[in-house]
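Worksheet: the structure to be examined is printed underneath.
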Amino acid sequence: MEQRKPKRYTVTAALPYANGPLHIGHLAGAYLPADIFVRYLRLHRRDVVFICGSDEHGAAITLRAKKEGTTPQQIIQKYHELNQQAFADFGISFDIYHRTSDPLHYDTAQSFFLQLEKNGVFEVEESEQYYDEEFSQFLADRYITGTCPKCSSSGAYGDQCEKCGSSLNPTDLIQPISTLSGKPPVKRKTRHWYLPMQHHQEWVEEWIKTGRYPSMKYPVVPHDANAWKQHVRGQCMSWLRDGLKSRAMTRDLDWGVPVPLPHTEGKVLYVWLDAPIGYISATRQWATNNNKDWKPYWQDPDTQLVHFIGKDNIVFHCIIFPILLQAHGDYILPDNIPANEFLNLEGDKISTSRNHAVWLHEYLLDLPMRKDELRYVLTSISPENADSEFTWKDYQTRINSELVAILGNFVNRVWVLYHKYYNGVVQYAEFQDSGVKEVIAQTYDALAQNMEQYKFRQALTEVIDLARFGNKYLTEKEPWKKFATNPEQTAQALSDCLLLIAHLGALMQPFLPDTAVRIFEMLNFQKLQIDWDEEISLPQGHVIRNPVLLFEKMEDDAIEKQIAKLAQAKTENTQSTEDASLAISPLKPEITFDEFARMDLRIGTIKEAVRVPKADKLLQLTIDTGIDIRTVVSGIAEHYSPEEVIGKQVVLLANLAARKLRNIESQGMILMAKDPQGKLYFVSPEQVVRPGSDVA
């Protein structure tokens, strides 16, 4: 098959969702392999742009904002900054880290949508969708939960079951519940723009199977279909066997990119139309920042487009986004989508909701000097073709037995001997043993072959094997024994080892960039980056610097702290789960009718609500009781924001003795219902009634 010879590369890494921090599963799944690949391309001086940014729209962010009693803007700002810093701290070398809330992205996404509309791509349909009557709004996919129709798991979302991974529509769910009100939603008619993917089934299937598609605008083959990972092709073919179906490209939501058409108030672009276009808008911003033309990176057939993602995003990048790109008419399709599978943690799935994760920002606080160590371990266990597992004991073993005992030990031995015998002054500028030079050349070739095939795990093994070779070579030459009897042979052997270390530093750059820089600094190089086509030499008489330890042994106590931290999170989660299951409390002691009759229960309307300073759980409510206006302090701030409760009608225990809470006199108590998970719900009349009405 014809091989493409691209002039440039556009490499994207999945836009992380800005509603929470990053963990090691994210790093291993998409960002670290993407960074390794891009660093490799740069070392070959290839034209490449590395694109990423925050995905800042969609229902999950509004849900997080409601949960935390804040706004979507505050949520995305918090996590955009946190994640951007975590990426920078781990050396993920994006050319730009953009965001989908940027005005340039709005312009790009809306223009893209309008072109699709102009091309007649969409079908506008009126359909019945779920509506929450209590909150007077249509429900986005993530605002609906229910039982998965495929695996019968409870808690599936309206767009996906996170247990079995099935893609769903909200109407597929069994016994759906609104996450806003906790009540079953009703169906109401609404109008949306649909992408009829079934019209694209034939060419998409041909493209994924063979790399060709009938309407191809350019003569070269888009990609080598056989180079795609088996699990990526398998998931795509599974979708295709089931038959592609129409999917709505707009949503009824107040947070997102507005649909740029008349009479579409309250409608935004579906996040899976909005987010991938974020790659394009980020490229536009990068081009503007660097006085470049962005279009060749997305529209020139001599560009190779590669998406790095996790396996949960395969269908969107392999089917939906390519359909959108092809339907637009001006864009190239991806050459490869080397999605990784999942990384598990200590025998269990990583779970953000259960806090079973190693968070990147916390790792850097606990182990601030071990960035490259984590890059090494995650690459060596990368879930490239199957799920893999991270354990703290394995992390310790790999650091101590590989980085310290092999790579670090070899470098340190050579440095100590070179300073001991020659005061760090280089004796030979070129390799004296052709066998060493040949092994290094073979390593470069093997590394390049693996890198081009996205086999980063094996590529890293080639580097550590070269260090193993160096240790073996040094041991066999025994310069410490021969220095007195054969000084020339000793100088040759140690100089060859020194040059081998220089090449180790060059080869290490995509994987352990900070370690490579430390090696170059010890070698006293003026440049701290060595391209792979550069000749590496150490001039005779060049002075190397004093040795520093590249890696330090990982002690047991540090590992035990991390294991204990995970165990504590698991215990807290288990306890909270048990507490939730016991939240339906037993009946309280019996009371008489006269005791009950003494309670004055009546309807009140909340007129104002503010947060109580320095009290995360308390809201100060101003309630119209029909008799007076009174203040009630209620512990509902973790469940409702002040804006959500204004206008609510509540049941008020009006004759409860007043008491001070946080120096505020609370004149009564509102009645709330609590479900088994601890969520509070208002006890309210079905219809609006006059404040002061008795509860009979």
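The values are calculated or read from the model by the stated rules, or taken from the named source; none is laboratory data. This one's a predicted model, so the numbers in the text were calculated from it and none came from an experiment. No Cβ is skipped: glycine too gets one built from the backbone with ideal geometry, and neighbour counts run over all protein chains shown. Note: accessible area is taken over every heavy atom of the protein model, side chains too, but ligands, DNA and RNA are not part of it. Shrake-Rupley method; radii C 1.70, N 1.55, O 1.52, S 1.80 Å.
Among the residues of segment 132-161, those that are open to solvent by less than 60 Å² (accessible area, probe 1.4 Å), touching a Ser or Thr at 6+ places or on another chain (Cβ under 8 Å), part of a strand (DSSP E or B) and within 21 Å of Tyr270 (Cβ to Cβ) comprise Asp132, Phe138, Ile144, Thr145, Gly146, Ala156, Gln160. Checking each residue in segment 471-523 for being acidic (Asp, Glu), free of Cβ contacts under 8 Å to residues at least 24 places away in the same chain and assigned to a helix (DSSP H, G or I) picks out Glu476, Glu488.
Here's the yes/no breakdown for (1) loosely packed, with under 12 Cβ neighbours inside 10 Å; (2) modelled with pLDDT of 90 or more; (3) at negative phi:
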| position | (1), (2), (3) |
| --- | --- |
| Trp532 | no, yes, yes |
| Asn546 | yes, yes, yes |
| Asp556 | yes, yes, yes |
| Lys561 | no, yes, yes |
| Leu566 | no, yes, yes |
| Asn573 | no, no, yes |
| Asp579 | no, no, yes |
| Ile584 | yes, no, yes |
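Taken together, the residues in segment 1-38 that are among the acidic types (Asp, Glu) and modelled with pLDDT under 95 amount to 1. Does segment 118-125 contain any residue that is loosely packed, with under 15 Cβ neighbours inside 10 Å, more than 28 Å from the chain's Cα centre (by Cα) and in a helix (DSSP H, G or I)? Scanning segment 118-125 turns up at least one residue that is loosely packed, with under 15 Cβ neighbours inside 10 Å, more than 28 Å from the chain's Cα centre (by Cα) and in a helix (DSSP H, G or I).
Selection of segment 162-184 for residues being within 30 Å of Glu638 (Cβ to Cβ) and open to solvent by 20 Å² or more (accessible area, probe 1.4 Å) yields Glu162, Lys163, Pro170, Ile174, Gln175, Pro176, Ile177, Thr179, Gly182, Lys183, Pro184. When we screen Thr62, Thr70, Thr100, Thr145 for residues that are of a type in the set (S, T, N, Q) and within 23 Å of Tyr331 (Cα to Cα), the only hit is Thr100. Cβ-Cβ contacts under 7 Å between residues 6 or more apart (or on different chains), taken from a first residue in segment 33-51 that is under 14 Å from Val306 (Cα atoms) to a second residue that is at pLDDT below 95, are listed as Asp47/Lys7. Evaluated against (1) of a type in the set (Gly, Ala, Ser); (2) more than 27 Å from Leu680 (Cα to Cα); (3) open to solvent by 10 Å² or more (accessible area, probe 1.4 Å), Ala60 falls short on exactly one condition, (2).
I need the full set of residues from segment 602-614 which are open to solvent by 30 Å² or more (accessible area, probe 1.4 Å) and farther than 17 Å from Gly69 by Cα, in order please. Across segment 602-614, the qualifying residues are Arg602, Lys607.
Applying the selection to segment 516-564, what residues are under 30 Å from His356 (Cβ atoms) and either aromatic (Phe, Trp, Tyr) or touching a helix residue (DSSP H, G or I) at 6+ places or on another chain (Cβ under 6 Å) (or both)?
Just the residues of segment 516-564 that are under 30 Å from His356 (Cβ atoms), to begin with: 551-564.
Scanning segment 516-564 gives Phe551, Lys553, Met554, Ile559, Gln562, Ile563.
Taken over segment 644-670, residues that are of a type outside the set (S, T, N, Q), touching a residue at least 24 places away in the same chain (Cβ under 8 Å) and open to solvent by 60 Å² or more (accessible area, probe 1.4 Å) amount to 4.
If you go through segment 187-198 one residue at a time, do you hit one that is modelled with pLDDT of 90 or more, loosely packed, with under 15 Cβ neighbours inside 10 Å and assigned to a helix (DSSP H, G or I)? For segment 187-198, residues modelled with pLDDT of 90 or more, loosely packed, with under 15 Cβ neighbours inside 10 Å and assigned to a helix (DSSP H, G or I): present. Among the residues of segment 131-138, are any under 25 Å from Ile61 (Cβ atoms) and of a type in the set (Gly, Ala, Ser)? There is at least one residue in segment 131-138 that is under 25 Å from Ile61 (Cβ atoms) and of a type in the set (Gly, Ala, Ser).
Based on this model, can you work out whether Ile627 counts as at pLDDT below 85, open to solvent by 30 Å² or more (accessible area, probe 1.4 Å) and hydrophobic (A, V, I, L, M, F, W, C)? No, not satisfied.
Is it the case that Ala282 is among the hydrophobic types (A, V, I, L, M, F, W, C) and touching an Asp or Glu at 6+ places or on another chain (Cβ under 6 Å)? Criteria not met by Ala282.
Conditions (1) at pLDDT 95 or above; (2) under 30 Å from Asn226 (Cα atoms); (3) polar (S, T, N, Q), marked per residue:
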position	(1), (2), (3)
Ile319	yes, yes, no
Pro338	yes, yes, no
Asn355	no, no, yes
Tyr363	yes, no, no
Asp372	yes, no, no
Arg375	yes, yes, no
Ser388	yes, yes, yes
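Of Glu686, Glu643, all but one fail to be in a loop (DSSP other than H, G, I, E, B), within 22 Å of Ser178 (Cα to Cα) and modelled with pLDDT under 85; the exception is Glu686.
Every residue in segment 15-54 that is more than 17 Å from Glu81 (Cα to Cα) and in a loop (DSSP other than H, G, I, E, B), please. So that I can check it myself, show each step before the final result.
Looking only at segment 15-54, we keep the residues that are more than 17 Å from Glu81 (Cα to Cα), and these are 24-25, 28-30, 32-50.
Result: His44, Arg45, Arg46.
If the condition is being under 49 Å from the mean Cα position of the chain (by Cα) and surrounded by 14 or more Cβ atoms within 10 Å (Cβ to Cβ), then segment 475-491 contributes only Lys477.
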